1. Checking the structure you have, find out if any residue of segment 236-245 is within 24 Å of the chain's Cα centre (by Cα), at pLDDT 85 or above, within 26 Å of Phe170 (Cβ to Cβ) and hydrophobic (A, V, I, L, M, F, W, C).
2. Considering every residue within segment 86-96, establish whether at least one is within 26 Å of the chain's Cα centre (by Cα), hydrophobic (A, V, I, L, M, F, W, C) and in a helix (DSSP H, G or I).
3. Do you know which of the residues in segment 114-156 that are among the charged types (D, E, K, R) and touching a Pro at 6+ places or on another chain (Cβ under 7 Å) is nearest to Tyr7 (Cα to Cα)?
4. Please determine, by comparing only the residues of segment 251-267 that are assigned to a loop (DSSP other than H, G, I, E, B) and of a type in the set (Lys, Arg), which one is surrounded by the most Cβ atoms within 10 Å (Cβ to Cβ).
5. Regarding segment 111-130, can at least one residue be identified that is farther than 30 Å from Leu219 by Cα and within 19 Å of the chain's Cα centre (by Cα)?
6. List every residue pair whose Cβ atoms lie under 8 Å apart, where the two residues are 6 or more positions apart in sequence or sit on different chains, the first residue falls within segment 109-121 and is farther than 19 Å from Arg133 by Cβ, and the second residue, located anywhere, is surrounded by 15 or more Cβ atoms within 10 Å (Cβ to Cβ) and charged (D, E, K, R).
7. Can you find a residue in segment 154-176 that is outside any strand (DSSP E or B), in the same structural domain as Arg223 (by TED's automatic domain parsing) and more than 28 Å from Val273 (Cα to Cα)?
8. Looking only at segment 4-63, filter to residues that are among the hydroxyl-bearing types (Ser, Thr, Tyr) and modelled with pLDDT of 85 or more; which one of those is nearest to Asp150 (Cα to Cα)?
Amino acid sequence: MQHWRWYLLIDESFIDLTGIPGDIALRSRKIRHRILQWIGIPCGIGIGPTKTLTKLANHIAKTAERKPGSYPEHHAQVCHLGNLEPAELEALMQATEVGEVWGVGRQISKQLKEACIHTVLDLARLDPVMVKRRWSVVLERTVRELQGTDCMGLEHEPPAKQEIACTRSFGHAVLELSTLQEAVTEFASRAAQKLRNQNSHAGQVLTFIRTSPFRTQDLQYSRSTVVPLRRPTNDSRDINQAALMGLQAIFRPGYRYAKAGVMLLDLQPANLVQQELALDDDMADPGGTQLMQALDAVNNRFGRGTAALASAGLAGEQRQWSMKQERRTPGYTTDWDGLALVRA
């Protein structure tokens with residue numbers, strides 16, 4: 001198969017090989033050897049003219065090594081589908097179950113098998129127009145990619161999230177509303193910072209609390225509520241106020257709460273503003289944006305939580321609701337204090 005563009009997939013990282021000279025397969029084996037030698041992590045590399053075929057090549061490269069006999073041995077570790085004759089490529093597709101195709105989930109796989117489409121080759125031979133009409137445009141693109149048509153270019157930056165959530169299980173059961181307010185404030189603040197990082201505003205704030213379903217001896221309770229914001233915003237103060245309002249509405253005393261969280265909904269770009277008539281004093285907050293920028297700058301420089309809203313409390317990591325982290329892996333590569341000590 002000849003094509004002007006090749007994609008390379010090292011485990012879950014796509015690379016566009018356009019303009020890279022030389023033997024791509026040989027270069028890939030050298031890359032794999034270097035990763036194994038320097039980092040000690042084995043990986044599989046797949047190469048193909050489309051992202052879906054590249055994913056398939058990566059699956060073949062891994063499976064051929066882990067399950068000898070499943071595919072020809074020379075495809076182990078590095079598989080380049082672009083170097084194959086059509087008959088050999090079809091043989092590989094015929095040997096691969098349709099559910100292994102990137103983007104074909106459990107339900108779609110079940111429907112395809114009911115339609116006597118059991119292998120990747122069966123799927124690749126379908127008419128894309130029929131696939132779109134019977135299933136979806138997403139599966140149509142998958143079929144076209146299996147046929148060699150590039151339909152999914154690389155994303156140079158991740159798309160903005162449609163929802164942002166911050167949830168945590170508590171290190172110890174929480175009974176008091178004041179303690180839950182500290183936790184919810186922390187979660188709302190982190191979610192708001194993520195919102196600002198992608199330059200978005202939220203229109204609604206969801207707050208939830210629940211007990212542990214694993215403690216069957218405790219009374220069980222789970223509740224959530226959504227509080228709409230008067231105006232979409234990414235200001236931590238407004239988002240936290242809405243989250244605490246929701247918490248106040250759903251809190252019930254007498255329960256041992258094990259988890260809480262805040263989710264930001266109805267997200268939109270920050271440059272889209274719904275104007276209103278300035279009929280009261282709180283319509284404008286000229287210093288709000290600068291205040292949030294200063295808050296983020298302080299926390300980015302001196303560590304998360306250095307500056308926080310007052311309702312988050314002052315106990316830091318010693319707070320009752322903080323997660324248990326006794327078994328957390330030390331930061332060998334990111335923290336000087338986490339370096340392993342070797343003594344003779």
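1. Yes, segment 236-245 has at least one match.
2. Taking segment 86-96 as the starting set, the residues that turn out to be within 26 Å of the chain's Cα centre (by Cα) are none.
There is no residue in segment 86-96 that is within 26 Å of the chain's Cα centre (by Cα), hydrophobic (A, V, I, L, M, F, W, C) and in a helix (DSSP H, G or I).
3. Within segment 114-156, the subset among the charged types (D, E, K, R) is 114, 122, 125, 127, 132-134, 140-141, 144-145, 150, 155.
Then keep just the ones that are touching a Pro at 6+ places or on another chain (Cβ under 7 Å); that gives 140, 144, 150.
Details: Glu140: 20, Arg144: 16, Asp150: 10 Å.
Of everything passing the filter in segment 114-156, Asp150 is nearest to Tyr7 (Cα to Cα).
4. If we take residues in segment 251-267 being assigned to a loop (DSSP other than H, G, I, E, B) and of a type in the set (Lys, Arg), then Arg256 is surrounded by the most Cβ atoms within 10 Å (Cβ to Cβ).
5. The initial filter retains those residues of segment 111-130 that are farther than 30 Å from Leu219 by Cα, namely 111-130.
Add one more test, that the residue is within 19 Å of the chain's Cα centre (by Cα), and what stays is none.
Within segment 111-130, none of the residues are farther than 30 Å from Leu219 by Cα and within 19 Å of the chain's Cα centre (by Cα).
6. These pairs meet every condition: Val120/Glu100; Leu121/Glu90.
7. yes
8. So in segment 4-63, the residues among the hydroxyl-bearing types (Ser, Thr, Tyr) come out as 7, 13, 18, 28, 50, 52, 54, 63.
Cutting the leftovers down to modelled with pLDDT of 85 or more gives us 28, 50, 52, 54, 63.
On the way: Ser28: 21, Thr50: 5, Thr52: 9, Thr54: 11, Thr63: 25 Å.
Per the criteria, the residue is Thr50.
The values are calculated or read from the model by the stated rules, or taken from the named source; none is laboratory data. Here the structure is a predicted model, which is why all the values come from computation and not from measurement. Cβ sites come from the backbone with ideal geometry, for glycine too, and all protein chains shown count toward neighbours.
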